[in-house]
Each structure stands twice: as structure tokens, then as C-alpha cells.
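The values are calculated or read from the model by the stated rules, or taken from the named source; none is laboratory data. Computed from a predicted model, the values in this text were never measured in an experiment. Using ideal geometry, Cβ is built from the backbone for each residue, glycine included, and neighbour counts are taken over all protein chains shown. Areas reflect the complete protein model, heavy atoms only, side chains present, ligands, DNA and RNA absent. Shrake-Rupley method; radii C 1.70, N 1.55, O 1.52, S 1.80 Å.
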Amino acid sequence: MSVNVPTKLTIKDYKSELHNDWCAGCVLPSTSIITPSGKRPIADIRVGDEVLGHDGEYHRVTEVMSHEHPAALHHVTVEGLGTVVLTSDHPMYMARTDAVTGLLRFDWIPANEVKAGDEIAYTRAPSSVSPVQAGTTLVVVGGPAGNGVKQSLAAYQTPYVLARVVANRVRPYDGIVHNLEVADVHSYVTDVATLHNCGDFGILTSIQMALAQQQLDPDKVAVFSGIGCSGKTPHYINAYGFHTLHGRVLTVATGARLANTNQTVLALGGDGDGYGIGAGYFVGAGRRNVDFAYIVHNNNVYGLTKGQASPTLAKGKKTKSMPEQSIQDGINPVAMAIASGYTFIARAYALEPKYTAGIIARAMQHRGAALVDVLQTCPTYNDLYTKEWYEGADLPEKRSRLYKLEEQGFDGKVQDPTDKQEIITKKAAAVARSYEDEPIPIGVYYEIDLPTYEDEVFRRIPDLKETPLVDQNSFERDVNPLLEAMR
């Protein structure tokens with residue numbers, strides 16, 4: 001799509017200066033973070049540093065974020081540990097007893113839903129026991145004693161300490177707040193609580209990595225988004241960015257691509273934005289086969305508007321923010337894309353950024369309409385499809401609930417686009433795989449080389465192939481032939 005630049009570019013060249021403009025879930029600059037060398041204020045943490053994650057291991061910081069926050073903050077006081085100050089939407093790792101089994105269940109709960117009497121699951125550093133004082137309880141998770149059975153210090157084998165919340169006070173604030181993105185676990189530990197950050201940044205990193213892999217000139221890249229948690233993505237990428245309307249990103253991206261065929265175009269949306277209000281445009285974009293890549297953040301909920309069920313949530317499922325189970329069947333984006341005419345269809349996982357980057361790069365290199373449906377966790381509202389669920393932590397024998405299509409020898413590429421039977425066979429195989437859910441396939445489901453919408457336009461208007469519409473003199477154009485043709 002886009003020409004390469006003469007100098008070697010790295011992922012940093014695709015990060016905009018506005019990256020610190022916004023971040024969901026933040027804490028005070030003075031908040032102490034646990035690192036291998038001890039506690040450090042979050043304001044002093046830099047990309048490349050290591051911090052303790054909720055799995056009890058140290059992980060690399062991939063992004064640091066900060067912004068002005070002229071709004072109230074929650075002061076959550078934990079007995080025996082202290083007080084952590086954070087925004088209302090910042091998820092905390094909490095322990096709750098299952099009413100049926102009597103076992104502990106660990107979950108990410110937004111700060112504004114944490115109440116006095118709740119128990120946090122605090123992660124201790126791997127080389128030392130966390131401060132165990134009044135109000136704290138040790139817990140074994142996944143050890144010989146079972147899942148979430150409280151034990152004595154001698155039996156303590158896992159990184160969690162349970163501590164009781166004694167207060168959650170809301171106080172006004174007007175100043176800077178900070179957040180981190182942490183590789184692999186998307187969590188970090190303060191001196192009081194274990195906190196999460198959003199999976200959107202895993203997808204953002206994958207996009208930036210894909211751009212760097214292809215060495216695309218940032219001036220030749222245009223990124224479009226709709227409304228939702230994915231909507232801010234163009235703000236963080238060093239390229240042309242357009243934040244459009246709810247569900248309409250594909251129409252705007254189509255217009256931009258046709259106006260300037262020298263640009264590499266990326267469209268971004270969420271499962272609600274793209275498969276709900278934007279469903280009609282989704283079908284139309286596939287049918288046209290315009291040459292751009294559409295990346296969908298699929299977390300099964302409307303994350304920006306408090307976690308309602310999105311079109312991809314299965315019937316009978318109930319997330320933490322839903323009062324009742326979903327009574328509608330979830331749509332199948334892969335099957336819908338095949339029926340709509342997309343010529344490249346793939347699925348990836350947000351917490352595997354290197355693999356996702358490779359899939360996105362292939363989608364961008366493909367000539368035609370490409371869909372990458374990215375499975376994504378939402379720690380704030382979706383307590384069903386968590387990182388631990390994808391990892392199969394709840395299974396009798398832990399195994400990933402994901403598998404890579406190529407590792408099983410699956411090949412979704414049509415070798416002969418004129419062979420109708422091969423096309424039907426490959427489409428049928430892709431649809432069949434898309435309905436697998438234990439485990440879920442990721443990778444390229446279907447690929448075919450067909451003429452693009454631009455190719456058809458160029459046949460009708462050859463001049464556009466040489467000179468894109470954006471470079472043509474539209475203001476001094478003779479429209480008399482058009483008027484005569486309409487008489």
C-alpha cells in the first residue's frame with residue numbers, strides 16, 4: 001500500500017506525542033510501585049523498567065501514561081497495608097467467596113464498586129513475604145490445598161495476601177494522575193493494592209509493531225476510528241488520525257482511501273461499534289473490497305458505557321455489570337465477514353502483541369478488505385473472558401483456550417481465485433473453524449486475491465489511477481459534460 005521510507009524506523013517512530021493525553025484507570029504520581037529494586041513512585045517509572053505483576057513475577061513496562069484529572073478520586077484504605085488513591089474506573093484485584101462452592105473467586109473490580117468489608121488480593125514480591133499485619137490473611141491459590149483455601153504462613157505457596165477494605169472515600173482532586181502498561185500480565189502492584197490496566201494498549205502496541213515491521217512512512221498512513229474504548233487509538237499513533245462517528249468508521253475510511261489511494265488506511269472499532277450500530281456498514285465494506293484493514297477490539301461488552309452486552313456475547317452469558325443473562329445469540333464476526341465478501345479474515349488475541357502484530361501486518365499487506373477480529377479482555381466489566389480464562393487457569397489441567405490455526409496445518413488461502421469449488425471449500429472450512437470455542441482458533445481463517453474496488457473504479461475512470469482525487473483540480477473542472485448527460 002505505502003512506500004517504504006529510506007531510514008530505519010522503530011516502534012517509537014509510530015508513537016505520537018499525544019500518547020499521554022488520556023488513559024483509563026489512574027493513580028496519584030506519588031503512588032509506590034513494587035520493582036525488583038524496591039518501591040518507586042509511579043511518576044518515576046520509565047518504559048523498560050520492571051514492575052511486579054499480579055502473577056507474582058516481574059514484567060517489563062511497555063508504556064507510561066499521565067494526564068490532568070480535574071475530578072474526584074477514591075481513597076481506598078486497606079487494613080494492615082494503607083491507602084491507595086485512584087480513579088473510579090481503575091480495577092483492583094479482589095477476592096470474593098463463591099456462594100455455591102464456598103471457594104474464593106478472584107476478580108477485577110472498579111474502585112467505585114469496592115466497599116468496606118471487601119477483601120483485596122494483594123500480590124507479594126517473589127523473594128519476600130508481603131507485610132502481613134492486622135487484617136490480612138494468607139491464601140493458597142492452585143496449590144495442594146485447592147483453589148482459594150485460606151492457609152497458615154507455613155502453607156503459603158502463592159503470591160496473594162488477603163486484606164480487608166475498611167473505607168472507600170471519595171474526595172475532589174485536580175492534578176496529574178499516572179498509569180502503566182505492563183507486558184504479558186497487564187497489571188502492577190502498589191504498596192497497598194494490585195491494579196490492572198486495559199487491553200486496548202496491547203492492540204495499540206501491536207499496530208505500532210506492525211507499522212514498524214513494514215517500515216511504512218508515517219506520512220503515508222491514515223488511521224480512522226469510531227466511538228468506544230478503541231476510539232482514542234488514532235491519537236496515540238504517529239500518522240494521520242481521524243476520530244469519526246459511532247459505527248461509521250468504515251464509511252469514512254472508504255472515502256479517504258478512494259480520495260487518496262497513495263495512503264495506507266487502517267480502520268479501528270469495537271465489537272459494539274462495528275458489529276452493532278455499524279453492522280450495515282460492515283457488510284457494505286466487505287462487499288466493496290476496498291483496500292484497507294479493519295481491526296476490531298472484541299471484548300463482548302460495551303466497555304465505554306458501563307458494560308452492556310455487545311453483539312458478540314453469547315446467549316445465556318451474564319457479565320458482572322448485567323442484571324440478567326443475555327437472551328440473544330451472539331453473532332459470529334468471522335462467518336459474517338465471509339458472507340459479506342472480505343478477502344482477508346483473521347483473528348488474534350490482544351495479550352499476544354507480537355503474534356497480533358504479525359497478523360495485522362499481513363492484513364495491511366493484503367490487497368482488499370481485511371478484517372482482524374482481536375479477542376480482548378475487559379477487566380472492568382467482563383469477568384467471564386479474563387486473562388486467566390484464556391489461559392485455562394480454571395481447567396483441571398491448565399491449558400490455553402486458544403490455538404494457532406497454522407500450527408494445526410490449516411491453510412485458508414485460496415490458491416486459484418477462478419476455482420469456484422476451492423473458494424466454497426475454503427469458505428466452508430473457515431466458517432466451521434470460527435464456531436470452535438474449546439479451544440478458540442486464532443490466525444488467518446480465509447484469504448483470496450480478487451480485484452479491489454479501486455481496481456474497478458480505475459477501469460471506469462483511468463485518470464484516477466495516475467492522479468488520486470485529492471491531487472486533482474476539482475474546482476476548475478468542466479462539469480458541462482455531466483450536466484448534458486443528465487438532461
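What's the number of the condition LEU395 fails, among (1) without any contact (Cβ under 8 Å) to a residue 12 or more places away in the chain; (2) touching a strand residue (DSSP E or B) at 6+ places or on another chain (Cβ under 6 Å)? With (1) without any contact (Cβ under 8 Å) to a residue 12 or more places away in the chain; (2) touching a strand residue (DSSP E or B) at 6+ places or on another chain (Cβ under 6 Å) applied to LEU395, the lone miss is (2).
In region 389-413, the residue that is modelled with the lowest pLDDT out of those that are open to solvent by 40 Å² or more (accessible area, probe 1.4 Å), closer than 17 Å to GLU438 by Cβ and small (Gly, Ala, Ser) is ALA393. Considering ASP449, ASP416, the condition of being open to solvent by less than 70 Å² (accessible area, probe 1.4 Å), in a loop (DSSP other than H, G, I, E, B) and not hydrophobic (A, V, I, L, M, F, W, C) is satisfied by ASP416 alone. On inspection, LYS420 does not qualify as among the charged types (D, E, K, R), touching a residue at least 12 places away in the same chain (Cβ under 8 Å) and within 18 Å of TYR446 (Cα to Cα). The residue that is farthest from TYR385 (Cα to Cα), counting only those in region 274-316 that are of a type in the set (Lys, Arg) and at pLDDT below 95, is LYS306. Each residue in region 323-339 was checked for being farther than 17 Å from VAL444 by Cβ and touching a Gly at 6+ places or on another chain (Cβ under 7 Å), and 2 pass. Evaluated against (1) acidic (Asp, Glu); (2) touching a Gly at 6+ places or on another chain (Cβ under 7 Å); (3) without any contact (Cβ under 8 Å) to a residue 60 or more places away in the chain, ASP191 falls short on exactly one condition, (3). If you check MET322, MET336 for being open to solvent by less than 60 Å² (accessible area, probe 1.4 Å), among the hydrophobic types (A, V, I, L, M, F, W, C) and out of contact with any helix residue (DSSP H, G or I) (no Cβ under 9 Å at 6 or more places or on another chain), only one passes: MET322. Scanning region 41-57 for residues that are in a strand (DSSP E or B) and within 20 Å of MET92 (Cβ to Cβ) yields PRO41, VAL51, LEU52.
Condition check ((1) part of a helix (DSSP H, G or I); (2) closer than 25 Å to ASP107 by Cβ) across all residues:
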{"residue": "TYR173", "(1), (2)": "no, no"}
{"residue": "TYR188", "(1), (2)": "no, yes"}
{"residue": "VAL192", "(1), (2)": "no, yes"}
{"residue": "ILE207", "(1), (2)": "yes, no"}
{"residue": "ASP219", "(1), (2)": "yes, no"}
{"residue": "ILE227", "(1), (2)": "no, no"}
{"residue": "SER230", "(1), (2)": "yes, yes"}
{"residue": "PHE242", "(1), (2)": "no, no"}
